[in-house]
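Student: I have a structure here, written as structure tokens, and I will follow up with some questions on it.
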Amino acid sequence: MPVLIEKHSNDRDFVICESGNIERYLARAYGFIPSDIRQAALQEQLRDQASDMFAAFISQLVAKSEEDRKENFAKFDGLLDKLVEVQTKQINANGNIGHMFGDILSYADIVTYAFYKIIVVGMVKRQANIVNIVKPKLTPQLIKLITTVEANPLLASYTARGDSLAAIVTKPTSARL
């Protein structure tokens with residue numbers, strides 16, 4: 001279980017656990033989640049949807065039978081279509097400027113980027129064809145968000161690790177095979 005321990009000079013350490021809780025705490029601490037509770041709820045909702053999608057993706061990888069794998073993959077595939085639709089709608093509602101909310105990097109931008117990076121780059125060893133499954137579903141709006149997040153200097157040390165997601169999703173499919 002992930003744990004965050006903040007050391008304080010008064011000998012009263014602050015300790016929290018659970019990855020989602022730690023994520024939200026850090027996002028608030030660094031100003032990536034707005035103080036407006038409705039705007040914050042919308043961004044946190046997008047994080048929870050991405051988390052549910054990741055669980056759906058994993059369920060088809062660990063299925064006990066081929067029949068279960070196919071059934072779980074069909075669920076993941078359908079949910080991915082819905083998630084892409086929701087994310088694209090939000091990006092469009094924000095003027096299609098490469099961000100989900102406002103004109104600066106947000107928690108929702110980071111979570112969306114991380115979800116696709118984990119699925120497309122991180123899971124390719126577990127499911128070799130994942131790029132060919134996810135890439136055609138990505139809308140130009142999501143590709144713009146991915147490119148915008150990857151270019152953000154605040155995240156340069158993270159986005160520079162491993163393969164560039166933007167390069168993968170913008171490369172012609174035949175070049176990836």
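The values are calculated or read from the model by the stated rules, or taken from the named source; none is laboratory data. The shown structure was predicted, so the numbers you read here are calculated from the model rather than taken from an experiment. Heads up: the accessible areas ignore ligands, DNA and RNA and are worked out on the full protein's heavy atoms, side chains in. Shrake-Rupley method; radii C 1.70, N 1.55, O 1.52, S 1.80 Å.
Student: Among the aspartates and glutamates, which fall within straight-line cross-link reach of K117, defined as a Cα-Cα distance under 13 Å, with same-chain neighbours fewer than 8 residues apart omitted?
Tutor: Correct list for K117: D109, E150, D163.
Student: Okay, next question. Which value, in Å² and to the nearest 10, is the accessible area of D36 when all protein chains are kept and the probe is 1.4 Å?
Tutor: Only protein atoms counted, so the area is about 80 Å².
Student: Kyte-Doolittle mean at least -0.5 and Cα extent at least 18 Å along the axis: which DSSP H helices of the chain qualify?
Tutor: 37-61
Student: Could you order I168, I58 so the one with the most accessible surface comes first? Probe is 1.4 Å.
Tutor: I58, I168
Student: For the chain, calculate the relative contact order in percent as a whole number, restricting contacts to Cα pairs under 8 Å that are 6 or more residues apart.
Tutor: Reported as a whole number, the value is 16 percent.
Student: Compute the separation of the alpha-carbon centres of segment 6-32 and segment 113-155 and state it in Å as a whole number.
Tutor: Rounded to whole Å, the Cα centres lie 27 Å apart.
Student: Just checking my list (i) 12.0; (ii) 10.4; (iii) 9.8 against mean projected area of the Cα convex hull in nm² computed from this structure; which label fits?
Tutor: Computed from the coordinates, mean projected area of the Cα convex hull in nm² corresponds to (i).
Student: Order V3, V121, V134, most accessible first, counting only protein heavy atoms with a 1.4 angstrom probe.
Tutor: V3, V121, V134
Student: Could you pull the accessible area for K70 with a 1.4 Å probe, rounded to 10 Å²?
Tutor: 120
Student: Ranked from the most accessible area to the least, with a 1.4 Å probe and all protein chains present, what is the order of K64, K82?
Tutor: K64, K82
Student: So, one more: Return the lysines within reach of K75: Cα separation strictly under 17 angstrom, same-chain partners fewer than 8 residues apart disregarded; answer none if there are no such residues.
Tutor: K64, K137
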